[in-house]
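What follows is a short report on a single structure.
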Amino acid sequence: MAATDQSRPVGRVDEAGPDPFAIDVFAFPAGANPAMRWMAESLAFAAKRLTAQSEHLVALGRCGSIVEAQKLTAAYLARAASDCQHEAGTFLQRITGTK
């Protein structure tokens with residue numbers, strides 16, 4: 001991406017390509033260490049959240065006013081809370097083997 005290209009935020013994961021975080025960490029062999037599986041799931045989620053945070057910071061840098069920045073941050077925090085809630089449910093389902 002050229003330095004002057006403003007069509008996409010800097011650091012954004014290419015949505016047209018494969019999801020780099022789309023790994024099924026619970027597809028490890030049955031004998032795999034459960035702590036390793038939990039850690040892999042946690043790190044995959046952390047990577048997604050850090051990507052979202054970096055995109056948010058880029059967007060904040062482009063804000064024209066404090067009001068715009070406040071609205072952007074409120075939306076970001078709401079999405080982060082929703083993502084964490086969803087991940088907790090997904091993680092629990094994967095650990096317990098329920099769907």
Margin query: What does the charge count around Thr73 come to, taking other residues whose C-beta lies under 14 Å from its C-beta (Lys +1, Arg +1, Asp -1, Glu -1)?
Written below: +1
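Apply the Kirkwood formula to the stretch 53-99: the hydrodynamic radius equals the inverse of the mean of 1/r over all pairs of different alpha-carbon atoms; give it in Å with one decimal. Don't jump to the answer; show the numbers that get you there.
Details: mean 1/r = 0.0813 Å⁻¹.
After inverting the pairwise mean of 1/r, the radius is 12.3 Å.
Taking 0.36 nm per residue of sequence separation and subtracting the Cα-Cα distance, how much length would be gained by fully extending the chain between Ser42 and Gln85, in nm to one decimal?
Values: separation 43, 0.36 × 43 = 15.48 nm, distance 1.34 nm.
Here the answer is 14.1 nm.
Just so you know, all these numbers are worked out from the coordinates, no wet-lab data involved. Since this is a predicted model, take the numbers as computed values, not measurements. Positions of Cβ are generated from backbone atoms using ideal geometry, with glycine treated the same way; all protein chains shown enter the neighbour counts.
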